[in-house]
Amino acid sequence: MEEEFFSRNDVQHSLKKYLELLKTLHIQDNEIFNSKREYLKDIISSFIHAPDIWDEKSKMNINFISERFLMEINNEVMDEDSLSLTYSSCLRFALERGTNTLGRMPREIARFQSYAIYNINYFCGEAKEQIEYALREMPFSLIHHLIHSRRFKDYENFPSLVDRAEKVTAEWDEELRQKIDNVDNLKTTLDKHEGAYNFVGLYAGFSKLGRIKKEEYKWAKIAMFTLGCILPIPLFAELIYLLIASPETIASYSYLIKTVPIISLTLIFIYYFRIALNNYNSIRAQIVQIELRKSLCRFIQSYAEYIKDIKSGGNENLLAKFEEIIFSNIMTSEEKVPSTFDGLEQLAGLIGAVKGSKGK
């Protein structure tokens, strides 16, 4: 059973009491006794000031001799034999700590060990047997204790732990690869969405412009049909007048003069009708162009990626005709639609002809 010993309150109390006793004890003309007492004071002080280290580094002897050692320091009889016996017990703790510690031991502990090793003949009886056991047999006991300890069993399980670690590492690598693939897929999806959102914004702009043009188209159509309905009214009025007027009135020069405003008004209506028709055709052509661009926004992202793959494969002219058809301008035929000044020139010519005939 592994438990704390030097950190216990009762043990600390006994150690301090025993240390005070050692400080007051001195035998005149007994150098061996006094030397043991001085070295024993150092090790007891270490037990008091560093109990956690001793509990950790001397577990085996704590299990074996801790209670006996507690009885030794609580013994009120202080002679050379009891002092030597306590010294041998402390030596076992010190040697075990030295075995379990990397690096050099504290100086006072090293001196304590050296005195017992090189002056073993100054000890007798059970104390000497304990020292010989600590020097000769206890190292094997320490090895045996280490082999059967929980820590050594962990070392025995190390190969299986390595296998498990490699398996877990492989699982982590596979999971990491899958996550990387998922991230790449998400990146591709986000790139597509980014392009799609860019063209969605462009599509929204064309849609807004298309709504404006459709509103203009509606009013242009109303204006054109209105002028188309007004245009024949002067001619119908003149025709009715000819039907009800007498032949003498029609043949007179004054009638001819009266027809000039009607003809002029008709020509003006024709002029504005043609302007309205031109505007109507222009707006209709713009709407067709806007609808074309809206249609292109629906597939342009995929088309851009496809044409990139095609051109990287060396087939740069494979879609040339397709591009010419898709991306060419859609124009309505406007050759027969008059320009803005055609009507003015015709009206000026007509007025000049009338003035010329009047002058004759």
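The values are calculated or read from the model by the stated rules, or taken from the named source; none is laboratory data. Being a predicted model, the structure only gives us computed values, none of them experimental. These area figures cover heavy atoms from the full protein model, side chains too; ligands, DNA and RNA do not enter into them. Shrake-Rupley method; radii C 1.70, N 1.55, O 1.52, S 1.80 Å.
Which order do you get for Ile233, Ile62 if you rank them by accessible area with a 1.4 Å probe, largest at the top?
Result of the area sort, largest leading: Ile233, Ile62.
A probe of 1.4 angstrom, applied to the heavy atoms of all protein chains, finds Thr24 with accessible area near 110 square angstrom.
For His145, the accessible area of its heavy atoms, probed at 1.4 Å with every protein chain present, is near 50 square angstrom. When Glu108, Glu171 are compared by accessible area at a 1.4 angstrom probe, the order from most to least is Glu171, Glu108. Cross-link pairs exceeding 30 Å between alpha carbons, from the set Lys57/Lys128; Lys23/Lys128; Lys57/Lys167; Lys179/Lys208; Lys221/Lys294; Lys187/Lys214: Lys57/Lys167; Lys179/Lys208; Lys187/Lys214.
Computed over protein heavy atoms with a 1.4 Å probe, the accessible surface of segment 25-139 works out to 51 Å² per residue. The order of Glu166, Glu31, Glu132 by accessible area, most exposed first and with a 1.4 Å probe, is Glu31, Glu166, Glu132. Classify segment 1-117 as rounded, prolate or oblate from the Cα gyration tensor: take a ≥ b ≥ c as the square roots of its eigenvalues, call it rounded if a/c is under 1.5, otherwise prolate when a/b beats b/c and oblate if not. Since a/c reaches 1.5 but b/c is at least a/b, the shape of segment 1-117 is classed as oblate.
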